[in-house]
Amino acid sequence: MKKTLVLSLLLLTLSCANTKRTDNKLTTDASKYLNTITAEELKTHVFTIAADTMEGRDTGSIGQKKAGNYLISFYQENKISHPKNQADFYQKIPSQFLKTRSGQILNASENICAFIEGTEKPEEIIIISAHYDHIGKKKETIFNGADDNASGTSSLLEIAQAFQIAKNEGHGPKRSILFLHLTGEEHGLLGSSYYTENPIFPLKNTVSDINIDMIGRRDAEHPSTNNYVYVIGADRLSTELHNIVLATNEKYTQLDLNFKFNDPRDPNHYYERSDHYNFAKHRIPSVFFFNGVHADYHRPTDTADKIEYDALAKRAQLAFVVAWELANRENRITVDR
């Protein structure tokens, strides 16, 4: 009888332990929150950010500041705050720092920073970045920059909202997440250069940067499908980051991951041409999601009506689940290259 009682108690204990493990697995699964990132909401953001009223969002322009106000309003509506060590959402950049490749000094501008603090390892920071500037207008012609980079900017909003919904339901990220809207990218990666020289959080505590730049269209190499994304840089510094991109895509989004532009011999050198590069230069593992260039690149015809919102949603979802894994895994990814 005693042996029977002991065996019964042991089985009950194992049963409870197994149930607990299953529950934990379910609560850390990203599917529920991934599905809050929708084509419909992304479309609303892109049409607003790439509207004529934003006048092409050139660095330091009135139109860019209008776009910045839209971003901040969205964060405030969703009760997502700025970093605690900042007075507001702005990282202000003085004009003397904003010098273009041609030597022009731009108007003062701002990076915009929203923040969700981690529940277990708040000192470790995941950055998700997207530049919100574009090339403005020439005379009366507006360059709206819908794909470049209202697509990435809108994705950042939706990703932040997904993490906030998870937090509201008791599943906030273990590590902190900085949602970083960068200025001055079109003039030489100026906003990310300023951030890495004047970081809000120590660079040694920055686990990774996930950079989103142009993910709303397809290029000439994919005339019959938009179910792809170019992945650039993930394996340059960290095998683990590369493997996380592969695993999360296989589990959640099933995009065709194209590594063509990740080749160091690629003549386009896209690895050096978007904001993640300034983080990578500081040995911070970084990945850049990109749809490739198209006929409307840096032309006034890059408009919101041409975005493929189903593709935009799926690519944004991939960025979200990569961030989810980086934020919630037990150990920080390592730099091994």
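The values are calculated or read from the model by the stated rules, or taken from the named source; none is laboratory data. Quantities reported herein were computed from a predicted structural model and do not represent experimental measurements. Neighbour counts run over all protein chains shown; Cβ positions are idealised from the backbone, glycine included.
Points to keep in mind about this one:
- Every residue from region 282-336 that is of a type in the set (Asp, Glu) and either outside any loop (DSSP other than H, G, I, E, B) or out of contact with any Ser or Thr (no Cβ under 7 Å at 6 or more places or on another chain) (or both): 296, 302, 305, 308, 310, 325, 330
- Residue match in region 305-320 (condition: at pLDDT 95 or above, closer than 30 Å to residue 136 by Cβ, touching a Lys or Arg at 6+ places or on another chain (Cβ under 8 Å) and small (Gly, Ala, Ser)): yes
- Inside region 229-255, residues that are in contact (Cβ under 8 Å) with a residue 60 or more places away in the chain and not basic (Lys, Arg) make up a count of 16.
- Boolean, residue 323 is free of Cβ contacts under 8 Å to residues at least 60 places away in the same chain, buried (at least 23 other Cβ atoms within 10 Å of the Cβ) and touching a Pro at 6+ places or on another chain (Cβ under 9 Å): no
- Residue among 157, 178 that is part of a strand (DSSP E or B), aliphatic (A, V, I, L, M) and buried (at least 21 other Cβ atoms within 10 Å of the Cβ): 178
- Residue check, residue 42 buried (at least 17 other Cβ atoms within 10 Å of the Cβ), in contact with a His (Cβ under 8 Å, 6 or more places away or on another chain) and either of a type outside the set (Val, Ile, Thr) or within 22 Å of residue 315 (Cβ to Cβ) (or both): no
- Being of a type in the set (A, V, I, L, M, F, W, C), within 29 Å of residue 78 (Cα to Cα) and touching a strand residue (DSSP E or B) at 6+ places or on another chain (Cβ under 6 Å) holds for only one residue in 203, 190, 157, 182, and it is 182.
- Residues satisfying the stated conditions in region 192-229, i.e. assigned to a strand (DSSP E or B) and under 30 Å from residue 99 (Cβ atoms): 206, 208, 209, 210, 211, 212
- From 119, 153, residue being without any contact (Cβ under 8 Å) to a residue 60 or more places away in the chain, among the β-branched types (Val, Ile, Thr), closer than 23 Å to residue 81 by Cα and out of contact with any Cys (no Cβ under 8 Å at 6 or more places or on another chain): 119
- Flag if residue 101 is touching a residue at least 24 places away in the same chain (Cβ under 8 Å) and crowded, with 21+ Cβ neighbours inside 10 Å: no
- Condition met for residue 282 (out of contact with any Cys (no Cβ under 7 Å at 6 or more places or on another chain), within 20 Å of residue 195 (Cβ to Cβ) and surrounded by fewer than 20 Cβ atoms within 10 Å (Cβ to Cβ)): yes
- Inside region 152-184, residues that are under 16 Å from residue 317 (Cβ atoms), small (Gly, Ala, Ser) and within 15 Å of the chain's Cα centre (by Cα) make up a count of 5.
- Residue match in region 274-291 (condition: closer than 21 Å to residue 320 by Cα, of a type in the set (A, V, I, L, M) and touching a helix residue (DSSP H, G or I) at 6+ places or on another chain (Cβ under 6 Å)): yes
- Residue 60 being over 16 Å from residue 191 (Cα atoms), buried (at least 17 other Cβ atoms within 10 Å of the Cβ) and either touching a Ser or Thr at 6+ places or on another chain (Cβ under 9 Å) or of a type in the set (Gly, Ala, Ser) (or both): no
- Of the residues screened, residue 163 is one that is at pLDDT 95 or above and either touching an Asp or Glu at 6+ places or on another chain (Cβ under 6 Å) or within 18 Å of residue 39 (Cα to Cα) (or both).
- Evaluation of residue 185 against (1) under 16 Å from residue 111 (Cα atoms); (2) modelled with pLDDT under 95 (one fails), failing number: (2)
- Any hit, region 241-262, residues being part of a loop (DSSP other than H, G, I, E, B), over 14 Å from the mean Cα position of the chain (by Cα), crowded, with 23+ Cβ neighbours inside 10 Å and among the polar types (S, T, N, Q): no
- Every residue from region 263-279 that is surrounded by fewer than 24 Cβ atoms within 10 Å (Cβ to Cβ) and of a type in the set (D, E, K, R): 263, 265, 266, 272, 273
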